[in-house]
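The structure appears right after this line, and notes come after that.
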Amino acid sequence: MLELPELETYKKLLSEQIINKRITGVAVKEEKLLNSEPSAWSKELQGREVLYIERRGKQLLFHLDNGKRLLLNLGLAGQIQYDEQGSEDGSAANAQVMIYFGEHALRLHGIRQGYAHLLSAKEADQLLTDLGPELLDRKMNLERFRVLFARKRGMLKSALVQQTFVAGIGNGYADEIAFEAALLPSAKLQDLSEETVERLYRSTLTVLNDAIENGGLGEQPLNAQDQLTGGYKSHVRVIERDGQPCERCGALIQKAEIGSRRTYYCANCQKEQ
DNA sequence: AGAGTCACCCGGACGC
DNA sequence: TGCGTCCGGGTGACTC
C-alpha cells in the first residue's frame, strides 16, 4: 500500500532528517532502478544537498542544490528506511540503493515497477505532466472537483485510482473513500447528483487527511524512532476487513473484484448514488 | 474517444 | 536454508 498518505508520511519524516544535509556517498545494488550508469548516477548525487522534498501523486521529488531532481517512484511495494549506519535491521542486506548522509543511510528496498531517476527540472516536469490534479492542493476546491467529476463517466473506483484523472490514490484508499462517501465502488459517476459529488469530495478529504495525520498504512517504520508510520491501520473500515462487521451498519464487509481490482465494501450501506 | 478488461512485471512471503 | 510457487497493484495494450 503506497499511496498519497504513505508518501506524505515519508516526505514528512524524511524532511525532518535529510534537509540541508550533504550526500556523502551512494551505493547501488540494483541498476535497473536508475536512469543512467551507476557510476555517473552516483557521481551526480555525491556532495549534493537536498533542499526540500515534494510529493506529486505517488512520487517523491527530491530537489537538489544543483537544480536537479531525484524522482523516486516506489512502485508496488517499495520501502524507505533512514538509520544510522550500523543500526540497520536485516532488511539492510536487500537494499537496492543506499544514499549516505554522513553516518546515516537512506535505504531503498522492495521497489517493484518503480525507479529512482536523476533528472533536470524540465525533465521531471515533463514526466509529471500527465498526472491529474492533487486533491489536497490549495488550488483544489469543491467547484473544481465538481467540474472534474462532471466530465467523467464510469465506475467511481476506476476513476479514483486513475492517476491521469486524480493523482495519488490507489487500490486501498479508493475503497476507504467510497465507504466514507457511502457509495459503492461500482457506482456510476454519471448517476451522481451534485449533492452526492459534494459528499464524495468531503469524503475524499476526510479519508486522505485522516490517513496522513495518522501516518498512513505503511508496513515498516522509517527507523526506530518512527512512531507515526502505519498508525492509520486501526482506522481502516473496509480494506482487508472482509467477513467482519461494518462499523456503520453491522453487515459483513464483502470482498470482490471490481474493475479487475481487489475491492472491499459494505453491500448494505454503500449505495449506487 | 473513452471505458472496461487483461496480461505483465517481479520482490517478497510462504510452504515444504 | 534453499528452492519453487503464488500474490498483487500499477501500467499500458487491447477490445468494444
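The values are calculated or read from the model by the stated rules, or taken from the named source; none is laboratory data. In this text, all values refer to a predicted model and were calculated from it rather than measured experimentally. With ideal geometry, Cβ positions are generated from the backbone for all residues, glycine too; neighbour counts draw on all protein chains shown.
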Exercise. Filter the stretch A:171-196 down to the residues that are out of contact with any strand residue (DSSP E or B) (no Cβ under 9 Å at 6 or more places or on another chain) and closer than 15 Å to A:Met155 by Cβ, then identify the one that is nearest to DNA strand C (Cβ to nearest atom).
Key: A:Gln190
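Assess whether A:Glu37 counts as being farther than 30 Å from A:Ala174 by Cα and in contact with a Pro (Cβ under 6 Å, 6 or more places away or on another chain).
Numbers: farther than 30 Å from A:Ala174 by Cα: yes; in contact with a Pro (Cβ under 6 Å, 6 or more places away or on another chain): no.
When the stated conditions are applied, A:Glu37 does not pass them.
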Exercise. Would you point out the residue of the stretch A:108-128, among those that are in contact (Cβ under 8 Å) with a residue 60 or more places away in the chain and among the hydrophobic types (A, V, I, L, M, F, W, C), that is farthest from DNA strand C (Cβ to nearest atom)?
Key: A:Leu118
Practice problem: Among residues belonging to the stretch A:1-28 that are surrounded by 15 or more Cβ atoms within 10 Å (Cβ to Cβ) and within 16 Å of DNA strand B (Cβ to nearest atom), point out the one that is farthest from A:Gly170 (Cα to Cα). | Solution: A:Val28
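Go through A:Ile80, A:Ile111 for me and flag whichever is closer than 23 Å to A:Glu37 by Cβ, β-branched (Val, Ile, Thr) and buried (at least 17 other Cβ atoms within 10 Å of the Cβ). Working first, answer last.
On the way: A:Ile80 fails: closer than 23 Å to A:Glu37 by Cβ.
Unique residue meeting the criteria: A:Ile111.
Would you confirm whether any residue within the stretch A:28-46 is more than 16 Å from DNA strand C (Cβ to nearest atom), free of Cβ contacts under 8 Å to residues at least 60 places away in the same chain and among the hydroxyl-bearing types (Ser, Thr, Tyr)?
Step one: filter the stretch A:28-46 for residues more than 16 Å from DNA strand C (Cβ to nearest atom), giving A:28-29, A:31, A:34, A:36-46.
Narrowing further to those that are free of Cβ contacts under 8 Å to residues at least 60 places away in the same chain: A:31, A:37-40, A:42-43, A:46.
Filter again for among the hydroxyl-bearing types (Ser, Thr, Tyr), leaving A:39, A:42.
The answer is yes, given that some residue of the stretch A:28-46 is more than 16 Å from DNA strand C (Cβ to nearest atom), free of Cβ contacts under 8 Å to residues at least 60 places away in the same chain and among the hydroxyl-bearing types (Ser, Thr, Tyr).
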Practice problem: For the stretch A:224-255, name all the residues that are free of Cβ contacts under 8 Å to residues at least 40 places away in the same chain and within 12 Å of DNA strand C (Cβ to nearest atom). | Solution: A:Glu240, A:Asp242, A:Lys255
Self-check item: Close pairs from the stretch A:150-164: first at pLDDT 90 or above, partner in a strand (DSSP E or B) and near DNA strand B (Cβ under 9 Å from one of its atoms), Cβ under 6 Å, at least 6 apart
Solution: A:Lys157/A:Ile258
Quiz prompt | Residue within the stretch A:216-238 that is more than 16 Å from A:Leu7 (Cα to Cα), at pLDDT below 95, crowded, with 20+ Cβ neighbours inside 10 Å and away from DNA strand B (no atom under 14 Å from the Cβ) present | solution = yes
Self-check item: Unmet requirement for A:Ile111, which otherwise passes all of (1) modelled with pLDDT of 90 or more; (2) within 15 Å of DNA strand B (Cβ to nearest atom); (3) among the aliphatic types (A, V, I, L, M)
Solution: (1)
Quiz item: When you scan the stretch A:149-182, how many residues do you find that are farther than 21 Å from A:Ser234 by Cα and either within 14 Å of DNA strand B (Cβ to nearest atom) or out of contact with any Asp or Glu (no Cβ under 9 Å at 6 or more places or on another chain) (or both)?
Solution: 18
